[in-house]
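Novice: Sending over a structure as structure tokens; questions will come in a sec.
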Amino acid sequence: DIIRTIRDPEKPNTLEELEVVTENCVEVQEIGEDEYLVTIRFTPTVPHCSLATLIGLCLRIKLQRCLPFRHKLEIYISEGTHSTEEDINKQINDKERVAAAMENPNLREIVEQCVTEPD
């Protein structure tokens, strides 16, 4: 429910409407007392999607802000659905790279527009 309303950076649709994320792409497992591993596998609309890293960043930021429990977050592109999935998976799961990306004012503004709930 948290990620279904994230908007695509290029289109007026949500990631759920574009089937970039579905309920089946979310896995939650308990890894400790009151701590969970949340794994998201998203599918870009095209295999060469230039905004796949940005979509992964939006997913990470929204979940970090909204999950009501302690968690470890892993976000991946669904296997075989993007031409540079390995590189993108490394970027969106690297805390330092995510922090650096969010320091960029232009990038931060785009992420905020995508993750802000519609009125």
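The values are calculated or read from the model by the stated rules, or taken from the named source; none is laboratory data. Please read all numbers here as calculations on a predicted model, not as lab measurements. All Cβ positions, even for glycine, are placed from backbone atoms using ideal geometry, and neighbour counts span all protein chains on display. Quick note on the areas: whole protein, heavy atoms, side chains included, nothing else; ligands and nucleic acids left out. Shrake-Rupley method; radii C 1.70, N 1.55, O 1.52, S 1.80 Å.
Novice: Under 16 Å Cα-Cα from Lys90, which lysines qualify once same-chain neighbours fewer than 8 residues away are excluded?
Specialist: Lys72
Novice: Please identify, among Glu109, Glu74, Glu33, the residue showing maximal mean-square fluctuation in a Gaussian network model of the chain using a 10 angstrom Cα cutoff.
Specialist: Glu33
Novice: Follow-up question, since we're still on this one. Along Cα→Cβ, 7 Å out, is where each label goes; now give me the distance between the ones at Arg65 and Arg4 in nm to one decimal.
Specialist: Taking the two extended label points, one gets 1.9 nm.
Novice: Could you provide, to the nearest whole Å², the per residue accessible area of the chain with probe 1.4 Å?
Specialist: 62 Å²
Novice: Just the number, please: carbon plus sulfur as a percent of the accessible area of the chain, 1.4 Å probe, no ligands or DNA/RNA counted.
Specialist: Values: 3410 of 7320 Å².
So the carbon and sulfur contribution to the accessible surface is 47 percent.
Novice: Which residue, chosen from Cys58, His71, Tyr36, occupies the Cα position most advanced towards the positive end of the dipole of the stretch 23-113, where the dipole is computed from +1 (Lys, Arg) and -1 (Asp, Glu) charges on Cβ about the Cα centre?
Specialist: Toward the positive end, the furthest listed residue is Cys58.
Novice: When the helix-only estimate is applied to the chain (DSSP H runs of n ≥ 4, each -39,500 (n - 2.57), divided by the residue count), what is the mean residue ellipticity at 222 nm, nearest 500 deg cm²/dmol? Before the final figure, lay out the partial values.
Specialist: Details: 4 runs with 43 residues, N = 119.
Counting only the DSSP helices, I get -11000 deg cm²/dmol.
Novice: Sticking with this one: Using packing as a proxy for protection, rank 43-52, 56-65 so that the peptide with the highest average count of other Cβ atoms within 10 Å comes first. Before the final figure, lay out each step's value.
Specialist: On the way: 43-52: 17.0, 56-65: 19.7.
Output ranking for 43-52, 56-65: 56-65, 43-52.
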